[in-house]
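Trainee: First, the structure itself, so that you have it in front of you.
Read the figures in this text as sums done on the coordinates, not as results from a lab. Keep in mind it's a predicted model, so treat the numbers as computed, not measured. Note: ideal-geometry Cβ built from the backbone for every residue, glycine included; neighbour counts use all protein chains shown.
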Amino acid sequence: MKPLKIISTGAYIPERVVTNDDLSKMVDTSDAWIRERTGIRERHIAADDECTSILGAKALEDACRRADMAPGDLDAIIVGTSTPDAIFPSTACWLEHTLGLSGTPAFDVMAGCSGFLYGLEVAAGLLASGAARRVGLVGAECMSRVVDWTDRRTCVLFGDGAGAAIVEPGDGSTGVLASNWGSDGTLAEILCVPAGGAREPASEKTLEDRRHFVQMEGSRVFIHAVKAMSRSVRDALEAAGLSGADVDVFIPHQANLRIMDATRERTGIPADRVFSVLDRYGNISAASVPVAIHEAREQGVLKDGDILALTAFGTGLTWAGAVLRV
Ligand code: ACO
C-alpha cells in the first residue's frame, strides 16, 4: 500500500446554470435527447471574470479552510487540467498568482479527464519519497472556453468546475491499496483541440476552421472509455486482493451515464455503490472525480475506513484506476 491520507476536500462550482432547455435554444437539440444519451440535466458555466486557475484556487481554499490550514502551508500544488489558463505559465502558477503564494512548487498535469488520478499517482510518489509532506491536489476545468457552442455533438456534454484534496502520508492505516495508469498516444486525434499550440499555431485560418474548439469522435471515445476504465478498476481490485463487492463507493469519471453504467457492469461493483454528480454538472473533465469525492464525503456517503474505487479516462488517450482505503 502507498500510505496516504486525504485530510480534506473542497470544491467550487460556478454559479451560472445552463439547462438542457437553455441549450435547445442555442443548437438543434432537446432535453430528452441529452438526458437519454448522457444522463446530464444541467451544467454550470464560469462567469466572464473566472478562469481555470480561479476555479481551482477557490476549490483549494475551500479544502484548506476545512483542514484549518492556509494554502501557504502546502509543500506542493498539483493542478490537473486540460483547459489551462494559457500556454504558459502553468495553471498551477496562475493559481498561486490568484492566492498570492510564492515559493511553493506548483505544476500542472495534463492528462485530460484523468488529470486528478494522474496527480494522485504523482502526489503518492512525492509523499513516499519525502519530497513533500502535504500536497494540494486540484482538478479544475473551464470546458466552456474550448467547446464550440455551435456544435451540438459536443457542447451539450461539458461543464465548468473544480475540486481539490489535501493529502498527507497519514499513519499507514489509509492509502492507495493499488493503482495503475496508462496512455495511448496513437489515439490522440480522436479527442483533441487541434489548434492554438506549437503543433498548429493560431492563425486566421485556424480560427475560421474552428480548430480551437474540442473535436471528438464520440462513439470511438465511448468504446475506449468503457474498455479502459473497466480494465483499470478490475486490475486495481485484483492487485489489492479485493472484488467488486468489497467496494463501498465507486467514483468513475463522470462523462456520460451510459459509459459509467457499462463500466460498472464490467467490474462487479454493485450499482448502489456508484456516486454521481454528472446530472448536475455534466462532464467537468479533471474536476469530476475530486468534486464527486468531495460531495460523497459531505453527504456522508464516503466515510473513514471505506474502500473507494476511482477510475478516469480522457484525451490522450489516458486512463487511470485506483483503489483506496480512506
Ligand atoms: N442533440 C440531438 N441530436 C444529436 C446531438 C444532440 N446534442 N448530438 C448528436 N446528435 C445526433 C447526431 O447528429 C446523430 O444524428 P444522425 O444519425 O442524423 O447523424 C445522432 O444524434 C446519433 O449520434 P451518435 O454520435 O451516434 O450518438 P451517440 O449515441 O453515440 O451519443 C455521445 C453521442 C453522447 C457524444 C456519445 O458518443 C458519447 O458520450 N461519447 C463519449 C463522449 C465523451 O465522454 N467524451 C468526453 C471524454 S472525456 C475527456 O477527456 C474530455
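Trainee: Going by C-beta contacts inside 10 Å, put 150, 19, 104, 267 in order with the fewest on the left. Intermediate values should be presented prior to the final figure.
Mentor: Values: 150 11, 19 14, 104 17, 267 24.
By the 10 Å Cβ count, ascending: 150, 19, 104, 267.
Trainee: Find how many whole Å separate the alpha carbon centroid of the stretch 164-188 from the alpha carbon centroid of the stretch 1-60.
Mentor: If you average the Cα positions of each part, the centres end up 23 Å apart.
Trainee: Just to be sure I understand: with springs between alpha-carbon atoms less than 10 Å apart, which residue in 290, 201, 84 has the highest mean-square fluctuation in the Gaussian network model of the chain?
Mentor: 201
Trainee: Within the chain, which DSSP H helices have Cα atoms that stretch 30 Å or more along the helix axis and a mean Kyte-Doolittle hydropathy of at least -0.5? Don't jump to the answer; show the numbers that get you there.
Mentor: Values: long enough: 218-240 (33 Å, 0.18).
Long hydrophobic helices here: 218-240.
Trainee: Looking at the stretch 2-170, send over the antiparallel percent of its DSSP beta bridges, to the nearest 5.
Mentor: Here the antiparallel bridges make up roughly 70 percent for the stretch 2-170.
Trainee: Going by how many other Cβ atoms sit within 10 Å of their own, how do 33, 319, 94 line up, fewest first? Kindly include the intermediate steps, with their values, before the conclusion.
Mentor: Values: 33 14, 319 28, 94 23.
Final ranking by Cβ density, sparse to dense: 33, 94, 319.
Trainee: Let me ask something additional. How are the C-alpha pair distances of the stretch 175-274 spread across 10 Å bins, as whole percents from the shortest bin up?
Mentor: In order of increasing distance, the bins hold 14, 36, 25, 17, 9, 1 percent.
Trainee: Would you give the gap between the C-alpha center of the stretch 252-276 and the C-alpha center of the stretch 72-137, rounded to a whole Å?
Mentor: Spelled out, the Cα-based centre of one part sits 28 Å from the other.
Trainee: Only helical DSSP H runs with n ≥ 4 go in: add -39500 (n - 2.57) per run for the chain, normalise by residue count and round the 222 nm mean residue ellipticity to 500 deg cm²/dmol. Before the final figure, lay out each step's value.
Mentor: On the way: 11 runs with 108 residues, N = 326.
That calculation yields -9500 deg cm²/dmol at 222 nm.
Trainee: May I pose another question? If you count the DSSP beta bridges with both ends in the chain, what percent of them are antiparallel, to the nearest 5? Walk me through the numbers on the way to the answer.
Mentor: Working: 39 of 54 bridges.
Among the beta bridges of the chain, antiparallel pairing accounts for roughly 70 percent.
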